[in-house]
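The values are calculated or read from the model by the stated rules, or taken from the named source; none is laboratory data. Everything quoted here is computed from the prediction, not taken from an experiment. Quick reminder, even Gly has a Cβ in these numbers, built from the backbone with ideal geometry, and neighbours come from all protein chains shown.
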Amino acid sequence: MSVKESSNTSTTVCCYCGVGCGIVVNKERNGTVTVVGDQEHPVNKGMLCSKGLNLQYTVNDKSDRLLYPQMRYNKSMPMQQVSWDEALDRTAAVFKTFIDKYGPDSVAFYASGQCLTEEYYVVNKLMKGFIGSNNLDTNSRLCMSSAVAAYKIALGEDSVPICYDDIELADCFFIAGGNPAWCHPILWRRVEAHKAANPNVKIIVVDPRITDTCAIADLHLPINPGTDITLNHAIGRLLIENGDIDIDFITNHAEGFEQYSAIVFERTLAESAQICGLSESSIQQAAKYIGDAKGFITMWTMGLNQSAIGVNKNLSLINLNLITGHIGKPGSGPFSLTGQPNAMGGREVGGLANLLPAHRELSNPVHREEVQKFWGGSIIQPKPGLTATEMFEALNDGRLKGIWIMCTNPLTSLPNVRLAEEALKKAKFVVVQEISNKPETLAYADVILPAAAWAEKEGTMTNSERRISYLNKIIEPPGEALPDSEIICRFARKMGYKGFDFENAAAIYAEHVKLTAKTTIDISGLSHAVIKENKTVQWPYKKKGRPGGTSRLFIDKAFYTPSKKARISAVPDTLTSERPDDDYPFILTTGRIRDQWHTMSKTGKVNKLNQHYKQAFVEIHPADAARLQINETDIVTISSRRGEVRVQAKLSAQIKRGVVFLPMHWGKILNNDLNRANNITNDLVDPISKEPDFKYCAVNVKRYQKP
Ligand code: SF4
């Protein structure tokens, strides 16, 4: 039955992970909403995971919502309710003063992969096109930037080649550094169903922990943390030795194979197995499954991305698709699973410190000129702006004076988070644009701007498979809260800039669409109306193109590099992370749990979701725990060179000895910040992607004894 949009029933998309499930929202007479999965949405066909199913509670519970703008003239004063004009006039005056006195690079916007595409577009236009600085970055830097950089190197552009429908066409999956059973559940259900219907489909899972994803694995490789490149190279070598490579593809559509071949033969299988902590036979088995496959998909997320060598880890994995020719054909390809709901849409509009709209490059003078002419603003600077962690470093050393934090909670999510706290203490001016009165950032704000939440504004998002969906505005925002794009446009007008008087989100989208014409993400056939009519579409979506857009890229084997050939990269396997030593003998890895999302500002409001894990914990192997005289539920202190965490012990033989795991969701609760994993993580970043090393640092673990 077709979902009939009415005043009470609307369709939208889940605001959590990058799977991008369709949702039908019903508005009840009392103004509350209920949600069900959209049976007609091609992504989820009616299914929702625990987080999506409980979205209604986050919408209906308005008890923590920010309702009106607030402001104070110094940080010792309490916040006062003010009008939108007062808040934005003051903010514009302070920004103008900083820009006049210290230059445009003295201010920055730190946004979020949860922003809608239209919101990303206007803030990017404001910062790069009018303020004249590239200091716009987002929390997608913490999540996807290594995959973005690797795609650019390997394929010539940040372009996910495949689509979800390829899942049912593949017969081998290699899942590295991800737990999609918990973090991309609906996508994973498709893999499970495919495996159940086709038992010969092979699933290889690479993870130092035995996760729920391993439940259907034919082969689990419990790799030593940080050794993915060594493993991928060892598999590459075996594929070459076994003759399981695609010579035609390598010869005609790729470059770099000779250097690659030389580097993967530098280590013997025995050496690689020893480094990875795996048996030789298990690596041989993985190579055999891949070599036998007719359709081969590599999938990965944060285990590869959030690393000081994240780009190289990505490249070493993409190499496996390239040397076997498993790309640009049904059922095959490298597939980075997006963490956030609209990290992809943000990149479409150039919403990172090194990008311009439609995947244009800041470093390219032609690209800068095209965008500058189109926007009609100030000169676009060639120098990349400050990335997420760099912004907080720059606040600490005084280069940056003002920061505007939009829809993200850096005081829980940034690595080595005490540096970020110090930074916000030192900042001369902090604007926080938020829906909730809970985030710790509010304590440092000079101006607080209440934003509309999911279901309270319209716009678009793009999921992991380049699929663009429209989100309806279903209910009014509470109090005086406004959509993020409206807030940014009002501010831009206060700054005196032209080109921010959009009638609505559709008009913003129309402008974004124009900038994509003749680029690789060309969506020149698209508008809000067309998306609504088609339900969802995948980019590129050209005028007179295929209805529904483009499901698969590189079918013609013409990659986006200058030579049109894919690049096979001979990356070194040297780990640059902080290594364990006598003082800090354990390796810490951090990650998500099934029922929470990011820093819990939404999912933490839902009782049902809080039942999965009621509090933060550290997962430790029973043998390590026994040596340290730690029992289940004991309170333990996990310390690093940067700080400490104190949480309950969870003994589990599903994690490797010498490794401990902390969930990343918990922040400061009632002045207690000892649940916060990022007290101890390392702010080391990948030199190319600038993505932090959340998955590897040295820690010590001790049973806590009350003083
Ligand atoms: Fe939402 Fe992701 Fe769950 Fe789908 S899988 S319902 S997009 S959280």
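General observations
- Residue within the range 95-107 that is modelled with pLDDT of 95 or more and within 24 Å of residue 505 (Cα to Cα) present: no
- Single unsatisfied condition, residue 359 versus (1) over 21 Å from residue 522 (Cα atoms); (2) surrounded by fewer than 24 Cβ atoms within 10 Å (Cβ to Cβ): (1)
- Any hit, the range 460-482, residues being of a type in the set (Ser, Thr, Tyr) and surrounded by fewer than 20 Cβ atoms within 10 Å (Cβ to Cβ): no
- Among the residues of the range 665-683, the one identified as under 18 Å from the mean Cα position of the chain (by Cα) and surrounded by fewer than 24 Cβ atoms within 10 Å (Cβ to Cβ) is 683.
- Unmet criterion (only one of (1) out of contact with any strand residue (DSSP E or B) (no Cβ under 8 Å at 6 or more places or on another chain); (2) over 28 Å from residue 686 (Cα atoms); (3) of a type in the set (S, T, N, Q)) for residue 469: (1)
- Every residue from the range 475-500 that is under 19 Å from residue 110 (Cβ atoms) and β-branched (Val, Ile, Thr): 487, 488
- Contact map, the range 162-191: first residue more than 27 Å from residue 225 (Cβ to Cβ) and within 11 Å of the ligand (Cβ to nearest atom), second residue assigned to a helix (DSSP H, G or I) and hydroxyl-bearing (Ser, Thr, Tyr), Cβ cut-off under 8 Å, separation 6 or more or different chains; pairs are 190/164.
- Contact annotation: residue pairs with Cβ atoms under 6 Å, 6 or more positions apart or on different chains, pairing a residue in the range 395-412 that is assigned by TED's automatic domain parsing to the domain that holds residue 103 and among the hydroxyl-bearing types (Ser, Thr, Tyr) with a partner that is modelled with pLDDT under 95 and in a loop (DSSP other than H, G, I, E, B), are 408/112; 412/599; 412/667.
- The residue that is modelled with the lowest pLDDT, counting only those in the range 548-602 that are within 16 Å of the ligand (Cβ to nearest atom) and over 30 Å from residue 40 (Cα atoms), is 599.
- Residue among 241, 255 that is without any contact (Cβ under 8 Å) to a residue 12 or more places away in the chain and more than 30 Å from residue 652 (Cα to Cα): 241
- Scanning the range 473-496 for residues that are farther than 26 Å from residue 8 by Cβ and part of a loop (DSSP other than H, G, I, E, B) returns 495, 496.
- Within the range 535-571, the set of residues being of a type in the set (S, T, N, Q) and closer than 27 Å to residue 316 by Cβ comprises 551, 561, 563, 569.
- From the options 140, 146, 159, residue that is out of contact with any strand residue (DSSP E or B) (no Cβ under 6 Å at 6 or more places or on another chain), in contact (Cβ under 8 Å) with a residue 12 or more places away in the chain and assigned to a loop (DSSP other than H, G, I, E, B): 159
- Cross-chain or 6+ apart pairs with Cβ under 7 Å, the range 14-37 first and in contact (Cβ under 8 Å) with a residue 40 or more places away in the chain, then more than 15 Å from the ligand (Cβ to nearest atom) and of a type in the set (S, T, N, Q): 25/10; 27/8; 33/26; 33/60
- Qualifying residue in the range 400-412 (condition: of a type in the set (D, E, K, R) and either surrounded by fewer than 20 Cβ atoms within 10 Å (Cβ to Cβ) or modelled with pLDDT under 95 (or both)): no
- Among all residues of the range 472-481, there is at least one that is closer than 30 Å to residue 97 by Cα and in contact (Cβ under 8 Å) with a residue 40 or more places away in the chain.
- Selected residue (only one of 32, 58 is buried (at least 21 other Cβ atoms within 10 Å of the Cβ), under 31 Å from the mean Cα position of the chain (by Cα) and of a type in the set (Ser, Thr, Tyr)): 58
- In the condition set (1) part of a loop (DSSP other than H, G, I, E, B); (2) of a type outside the set (D, E, K, R); (3) touching a Lys or Arg at 6+ places or on another chain (Cβ under 7 Å), residue 580 is compliant with all but (3).
- Between 204, 153, 186, 175, the distinction of being assigned to a strand (DSSP E or B), of a type in the set (Val, Ile, Thr), surrounded by fewer than 24 Cβ atoms within 10 Å (Cβ to Cβ) and at pLDDT 95 or above belongs to 204 only.
- Annotation: residue 621 fulfils all but one of (1) farther than 20 Å from residue 669 by Cβ; (2) buried (at least 21 other Cβ atoms within 10 Å of the Cβ); (3) of a type outside the set (Val, Ile, Thr); (4) free of Cβ contacts under 8 Å to residues at least 60 places away in the same chain; the unmet one is (2).
- Options 497, 470: the member that is at pLDDT 95 or above, within 16 Å of the ligand (Cβ to nearest atom) and of a type outside the set (D, E, K, R): 470
- Residue check: residue 605 meets all listed conditions (1) more than 16 Å from the ligand (Cβ to nearest atom); (2) modelled with pLDDT under 95; (3) not hydrophobic (A, V, I, L, M, F, W, C) but one, namely (1).
- From the options 570, 529, 558, residue that is small (Gly, Ala, Ser) and not in a loop (DSSP other than H, G, I, E, B): 529
- Considering residues of the range 497-514 that are part of a helix (DSSP H, G or I) and more than 24 Å from the chain's Cα centre (by Cα) only, the residue farthest from residue 128 (Cα to Cα): 506
- The range 608-631, subset at pLDDT 95 or above and assigned to a loop (DSSP other than H, G, I, E, B), residue nearest to the ligand (Cβ to nearest atom): 621
- Among the residues of the range 227-264, just one is assigned to a strand (DSSP E or B) and buried (at least 21 other Cβ atoms within 10 Å of the Cβ), namely 254.
- All strands (runs of 3 or more DSSP E) inside the range 1-117 with 3 or more residues being more than 15 Å from the ligand (Cβ to nearest atom) and closer than 30 Å to residue 380 by Cα: 107-111
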